[in-house]
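Structure first, commentary second.
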Amino acid sequence: MDLIENMEQARRLARAILSDVAMYNKDKVESGIKNDNIFDLLSEELEEGRQHFLSRVSTGIDPDRIYETAVVDVLIKRAGKFESSIW
């Protein structure tokens, strides 16, 4: 399988991976936002997603930045509907 070298395709992949993390871990996401410990609660899932993402994309497109941006866009911004002391 060829590595993804297109930045937009890499962004879509990162968002898809993180959408799956969010969908399969709804309770952890809600609890993590409410208690400001989402990264602790989802550490295993986020690392598994990161490793999958890194295995599919070229290092020439700054995959860490793309993945971290997707974490914020998918997990944090979408969870804004939950009550939390962080907002």
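Looking only at helices (runs of 4 or more DSSP H) that lie completely in region 1-41, which have at least 1 residues being in contact with a Phe, Trp or Tyr (Cβ under 6 Å, 6 or more places away or on another chain) and closer than 20 Å to His52 by Cα?
Passing ranges, in order: 7-24.
Out of region 37-78, which residues are closer than 12 Å to Ala22 by Cα and among the β-branched types (Val, Ile, Thr)?
Ile38, Val71, Val72, Val74, Ile76
Take the residues in region 56-87 that are part of a helix (DSSP H, G or I) and of a type in the set (Val, Ile, Thr), then tell me which one is modelled with the lowest pLDDT.
Looking at the filtered set, the residue picked out is Ile76.
Mind checking which residues of region 4-34 are of a type in the set (A, V, I, L, M) and either within 13 Å of Arg78 (Cβ to Cβ) or touching a strand residue (DSSP E or B) at 6+ places or on another chain (Cβ under 6 Å) (or both)?
Of everything in region 4-34, those that are of a type in the set (A, V, I, L, M) and either within 13 Å of Arg78 (Cβ to Cβ) or touching a strand residue (DSSP E or B) at 6+ places or on another chain (Cβ under 6 Å) (or both) turn out to be Ile4, Ala10, Leu18, Val21, Ala22, Met23, Val29, Ile33.
Taking region 47-80 as the search range and keeping residues that are basic (Lys, Arg) and surrounded by fewer than 14 Cβ atoms within 10 Å (Cβ to Cβ), which one is farthest from Glu30 (Cα to Cα)?
Among those that are basic (Lys, Arg) and surrounded by fewer than 14 Cβ atoms within 10 Å (Cβ to Cβ), it is Arg65.
Select from region 35-55 the residues that are under 18 Å from Arg78 (Cα atoms), modelled with pLDDT of 95 or more and among the aliphatic types (A, V, I, L, M) and list them in ascending order.
Hits for region 35-55 are Leu41, Leu42, Leu46.
The values are calculated or read from the model by the stated rules, or taken from the named source; none is laboratory data. Keep in mind that what you see is a predicted model, and the values were worked out from it rather than measured. Virtual Cβ from ideal backbone geometry, glycine too; neighbours counted across all protein chains shown.
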